[in-house]
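> Starting off with a structure, shown below.
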Amino acid sequence: MTPAVLAAPAPSDPEVALTRRRVRVGETLFRLVLLACLVVAFAFLAWLIAFAVYRGWDRLDARLWQNMPTGRVSRIEGAGVQSAITGTLWVIGTTALICLPIGILAAIYLEEYADNERWYNRLLELNIQNLAGVPSIIFGILGLGVIARALGLGFTVLTAALILALLVLPIVIIATREAIRAVPQSIRQASYALGATRWQTVSRQVLPIAVPGIATGSILALSRAIGEAAPLIMLGAVTYITFNPDGLDSAYTVLPVQIYSLVIEAQAGFQRLGAAAIVLLLGLLLLMNSLAIVVRNRFQKRW
Amino acid sequence: MSLRRGRRRPGERVIEALLVAAAAVSVATTIGIVVALVEPTVEFFAEVGVVEFLTGDRWTPTLDPRSYGVLPLLTSTVISTFIAVAIAIPLGLGSAIYLAEYASPRTRRALKPLLEVLAGIPTVVYGFFALFALNSVLRGIWPGSDQPDFQNILVASIVMGIMIVPTVASLSEDAMTAVPESLRAGAYALASSKMQVAVRVVLPAAVSGIVASFVLGLSRAIGETMIVTIAGGLSSDHIELNPLRAAATMTAFIANIGQGDVPVDSLDYRSIFAVGSLLFGFTFALNALSIRLVRRFREVYE
């Protein structure tokens, strides 16, 4: 160290001495590169939405939900996707009725009842984590080989709903478990101290508190199911259905599969209708996503 | 007086049994998948040799002469996965570092829902975007005479990469946020800059979670179906190494043959299950690896 440095006068304000003296180019550059990563991802999102709206603009009117699909080029301008909209409502409604009770009960078992030291409970947990990563097309194979053919349910609303329910079940279970885990232990202990049984504690104390978290997870799981096409194109949804489903044993199509059939057609008329249906589907999903965020921010208690 | 309960409560037992039954559904699903795959796969290999399946370089189940060599499907799957991951890893990791280390809590609260929206876009929409939006731009600006096909692996893989960014970003960010604040404080006390803290302290400390996010991204890319079916093409009569050409991945083949009315007792029908078994095997191995890695970072810091 040179004497000059030693002799430098002490700064009057210690705050000043602790701030950096020069701008580091590398630091700023690094920060910009990181920001650019996010910007690139969001730019694709904006481009994708803008492109779908632009392509489907002419067809974004009442024809979309009032009319039925057609496979004929000559009639495409008057066609809509009504059967796919009603089909989506039927299939997703049934999916919710199947997967939400099962998922929530399974999560209660894993969080409140299961002994984590037991091998079968660990296996159960591993199994759920693994199922969450199984490609959706494999669930299509399960539906084709077991539910549609071996169980003889055929290509119906019920088959589609069963497969989507199994597909999103891990999401419901994982989200519900997190919501239950966030409930403080002291509430359970207080309940037990007052003589409540295990189920009384779970059903009257833990679950009511966990409802917002469970609702958020359930909405996100169902919005995943709404957009899912891969397993259903193996389960008979790729046909032009010109009637609305009228029961669980009805033939069906759903929005994402209808979009698939439309956009792979060579004529531009089909693609424009497909783009309009995409805008409708994205609108629905954005609505559900916002609902989930509102539920999470509004009703979730912090402890 | 004893503290044990005085009377039996049959209701509690019934409820517990119900809960166990609900949890067992997930096990039944896995067993169902394995059963659904195994039987037709075994029948398939009774007609087509395992060696022919694994080493044959033509996959033409619907064209004469029929040939069942899975290598063309496998090659396209590997190439598309590689390109997708090469895009998703830098973008996802960069986003994660920004969100975990640089963004203010307010910015984070605004940006994370946007990432969730990106993660929630249906893959059929990504496929449409790849085929009509990105591909026309790509074909417009492509230098040289070797123009990309109308459907090609490159464009499908790029969009698949964008699709996987939220997967990599959110899991990596979780891993970095789990790194204790004391490590950062220690590094700052030693006069580290923000970048040094992020790159030399937080990244190494979160490495198992970050690698797990890469592995999960890899598994998503291998299993992704609609994007490659719509934008990647369906040809599989030879091994295609050029990503500018149309080629079918394993998933695209399954989706394409599976959507028609395939006669149940045919070799075509069984070939769906044989390819499905291979796909399931790959993703199963990758998922198991990522679960182990995630468990490790949870053990270290939680």
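> Does B:T41 count as among the β-branched types (V, I, T), surrounded by fewer than 17 Cβ atoms within 10 Å (Cβ to Cβ) and in contact with a helix residue (DSSP H, G or I) (Cβ under 8 Å, 6 or more places away or on another chain)?
no
> Kindly indicate the residue of segment A:220-254 that is of a type in the set (D, E) and surrounded by fewer than 21 Cβ atoms within 10 Å (Cβ to Cβ) and also farthest from A:L167 (Cα to Cα) among those meeting that condition.
Result: A:D246.
> Look at segment A:164-191 and say how many of its residues are of a type in the set (A, V, I, L, M), more than 10 Å from every other protein chain (Cβ to nearest Cβ) and outside any loop (DSSP other than H, G, I, E, B).
Number satisfying all stated conditions: 10.
> Quick check on my filter: what residues within segment A:192-218 are of a type in the set (A, V, I, L, M, F, W, C), away from chain B (no Cβ under 11 Å) and either at positive phi or assigned to a helix (DSSP H, G or I) (or both)?
Answer for segment A:192-218, where residues must be of a type in the set (A, V, I, L, M, F, W, C), away from chain B (no Cβ under 11 Å) and either at positive phi or assigned to a helix (DSSP H, G or I) (or both): A:A193, A:V206, A:L207, A:I209, A:A210, A:V211, A:I214, A:A215.
> Taking the condition closer than 21 Å to A:D249 by Cβ, of a type outside the set (D, E, K, R) and within 25 Å of the chain's Cα centre (by Cα), does A:L164 pass?
yes
> Next question, about the same structure. Do you know which residues across segment B:206-245 are of a type in the set (G, A, S) and over 18 Å from B:L134 (Cβ atoms)?
Across segment B:206-245, the qualifying residues are B:A206, B:S208, B:G209, B:A212, B:S213, B:G217, B:S219, B:G223, B:S235, B:S236.
> Anything in segment A:124-160 that is in a helix (DSSP H, G or I) and within 19 Å of B:V124 (Cα to Cα)? List them, or say none.
A:S136, A:I137, A:I138, A:F139, A:G140, A:I141, A:A160
> Let me ask something else about it. Among (1) within 12 Å of another protein chain (Cβ to nearest Cβ); (2) surrounded by 14 or more Cβ atoms within 10 Å (Cβ to Cβ); (3) without any contact (Cβ under 8 Å) to a residue 24 or more places away in the chain; (4) farther than 26 Å from A:N127 by Cβ, there is one condition B:G11 misses while meeting the rest; what is its number?
Single failed check for B:G11: (2).
> Identify the residue in segment A:285-303 that is more than 10 Å from chain B (Cβ to nearest Cβ) and closer than 26 Å to A:T253 by Cα and, among all such residues, is modelled with the lowest pLDDT.
A:L291
> Does segment A:127-135 contain at least one residue that is aliphatic (A, V, I, L, M), closer than 30 Å to B:G260 by Cβ and free of Cβ contacts under 8 Å to residues at least 12 places away in the same chain?
yes
> Suppose we keep only residues that are part of a loop (DSSP other than H, G, I, E, B) and of a type in the set (A, V, I, L, M) within segment A:1-53. Which one would you say is modelled with the highest pLDDT?
By that ranking, first place goes to A:V23.
> If you don't mind, there's one more thing I want to ask. When the residues of segment B:164-200 are filtered to those that are crowded, with 19+ Cβ neighbours inside 10 Å and among the β-branched types (V, I, T), which remaining residue is farthest from B:A252 (Cα to Cα)?
B:V197
> Test each condition in (1) outside any helix (DSSP H, G or I); (2) at pLDDT 95 or above; (3) of a type outside the set (G, A, S) for A:T242 and report the one that comes out false.
Evaluating A:T242 over (1) outside any helix (DSSP H, G or I); (2) at pLDDT 95 or above; (3) of a type outside the set (G, A, S) leaves (2) as the failure.
> For segment B:42-73, name all the residues that are farther than 22 Å from B:A246 by Cβ and assigned to a helix (DSSP H, G or I).
Result: B:V42, B:E43, B:F44, B:F45, B:A46, B:E47, B:V50, B:V51, B:E52, B:F53, B:L54, B:T55.
> For segment A:130-147, check the following and say yes or no: at least one residue is under 22 Å from B:A21 (Cα atoms) and more than 23 Å from the chain's Cα centre (by Cα).
Yes: segment A:130-147 contains one or more residues that are under 22 Å from B:A21 (Cα atoms) and more than 23 Å from the chain's Cα centre (by Cα).
> So is B:Q147 at pLDDT below 95, under 20 Å from B:M226 (Cα atoms) and part of a loop (DSSP other than H, G, I, E, B) or not?
no
> State whether the residues of segment B:138-154 include one that is buried (at least 20 other Cβ atoms within 10 Å of the Cβ) and among the polar types (S, T, N, Q).
yes
The values are calculated or read from the model by the stated rules, or taken from the named source; none is laboratory data. Here the structure is a predicted model, which is why all the values come from computation and not from measurement. Methodologically, a virtual Cβ is constructed for each residue, glycine included, from the backbone with ideal geometry; neighbour enumeration extends over all protein chains shown.
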